[in-house]
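Only one structure is covered here, and it is reproduced in the block below.
Coordinate-derived values only; no laboratory data. What you see is a predicted model; the values in this text were computed from it and never measured. Using ideal geometry, Cβ is built from the backbone for each residue, glycine included, and neighbour counts are taken over all protein chains shown.
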Ligand SMILES: Cc1cc2nc3c(=O)[nH]c(=O)nc-3n(C[C@H](O)[C@H](O)[C@H](O)COP(=O)(O)OP(=O)(O)OC[C@H]3O[C@@H](n4cnc5c(N)ncnc54)[C@H](O)[C@@H]3O)c2cc1C
């Protein structure tokens, strides 16, 4: 099975996420009924209002809009990190139901690739070795789910997985603040960057200043700062 590449696809989102969040916010301050609020957000651009509301820290209204992504070509190492985010929903390819007897995809870390072709071949040989161990255990354990379930214990963190995940916009902003930061691990950082680029196209006002903390204020990392705040600000504001 060849090396797998990261692929992030926005498969669904709340229709008109910015209007939905603006309507939710206006519910707090308006005597209008539902029809009236819907008419208002249809007739009048809500960008300035939404930015003012978010600027004041009233971010709970962002919980009314959600984005769903399909993420392929990521490692089980990434899976362990992304699923630490509790205000999110996940569906993950099962290593119990899906047999990897025909080979498993894997992710090669860029730092290993940078060592050159021989290092990559060594990594690939190691993956092949684990594949052989996996098949050997499947054969010993016999057919059925139990076989996959236990044989997978010899598979590596590099093993590719496929995730569907959903987050609301408030959680997305939080997720981007942590995972777009240079302190985050390279793989989840790239996944978060791609997610943010797609969110920005759909809801530019909500995600205008999204990204690591340094995009909208001073770097929150203190002594551990990467020292590249200006560069990061430029990158994320123009994503
Ligand atoms: C650079 C980096 C390094 C890390 N290193 C490690 C590590 O070495 N070891 C390790 O174990 N983890 C590590 N983590 C994971 C980290 O500790 C968090 O578990 C993860 O980032 C999820 O963040 P969260 O809890 O803020 O967010 P989410 O789970 O996405 O929650 C969002 C927010 O909701 C609120 N919330 C959610 N659940 C609760 C709750 N039960 N009670 C109160 N408020 C809640 C909090 O305000 C929280 O910030 C690391 C993360 C990063 C970004």
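Between 0 and 90 degrees, rounded to the nearest ten: what's the tilt of helix 17-29 against the longest Cα principal axis of the chain?
50
So how far apart, in nm, are the two label points at residue 72 and residue 101 if each is 7 Å from Cα heading toward Cβ?
Calculated label separation equals 2.3 nm.
Which distance in nm do the two modelled labels at residue 224 and residue 30 give, with both placed 7 Å along the Cα-to-Cβ direction?
4.3
First measure r as the distance between the Cβ atoms of residue 118 and residue 157, then evaluate 1/(1 + (r/R0)^6) with R0 = 22 Å and state the FRET efficiency to the nearest 0.05.
Details: r = 22 Å, r/R0 = 0.99.
Calculated transfer efficiency: 0.50.
Kindly provide the helix-only [θ] at 222 nm of the chain, computed as the sum of -39,500 (n - 2.57) over DSSP H runs of four or more divided by all residues, to the nearest 500 deg cm²/dmol? Intermediate values should be presented prior to the final figure.
Numbers: 10 runs with 112 residues, N = 239.
Computed ellipticity for the chain at 222 nm equals -14500 deg cm²/dmol.
If you project the alpha carbons of region 108-157 onto the principal axes, what extent comes out on each, in Å, largest first?
Sorted from largest, the Cα extents of region 108-157 read 40, 15, 10 Å.
Enter the angle in degrees (range 0 to 90, nearest 10) between the Cα long axis of helix 186-202 and the first principal axis of the Cα atoms of the chain, meaning the one along which they spread out most.
Once rounded, one gets 40 degrees.
In degrees, nearest 10, range 0 to 90: what is the angle between the Cα axis of helix 34-43 and the longest Cα principal axis of the chain?
90
So for region 108-157, averaging the separation of alpha carbon pairs under 8 Å that are six or more residues apart and normalising by length, what relative contact order in percent results? Let's see the in-between values first.
Numbers: 27 pairs, mean separation 14.9, N = 50.
Normalised by residue count, the contact order of region 108-157 is 30 percent.
Note down the relative contact order for the chain as a percent, whole number, built from C-alpha pairs under 8 angstrom at least six residues apart. Walk me through the numbers on the way to the answer.
Working: 332 pairs, mean separation 59.8, N = 239.
The normalised contact order for the chain reaches 25 percent.
Which of 14, 164, 34 ends up with the largest GNM mean-square fluctuation for the chain, with Cα atoms connected below 10 Å?
Greatest mean-square fluctuation among the candidates belongs to 34.
Using alpha-carbon positions, what is the distance between the centroids of region 49-68 and region 179-239, in Å?
18
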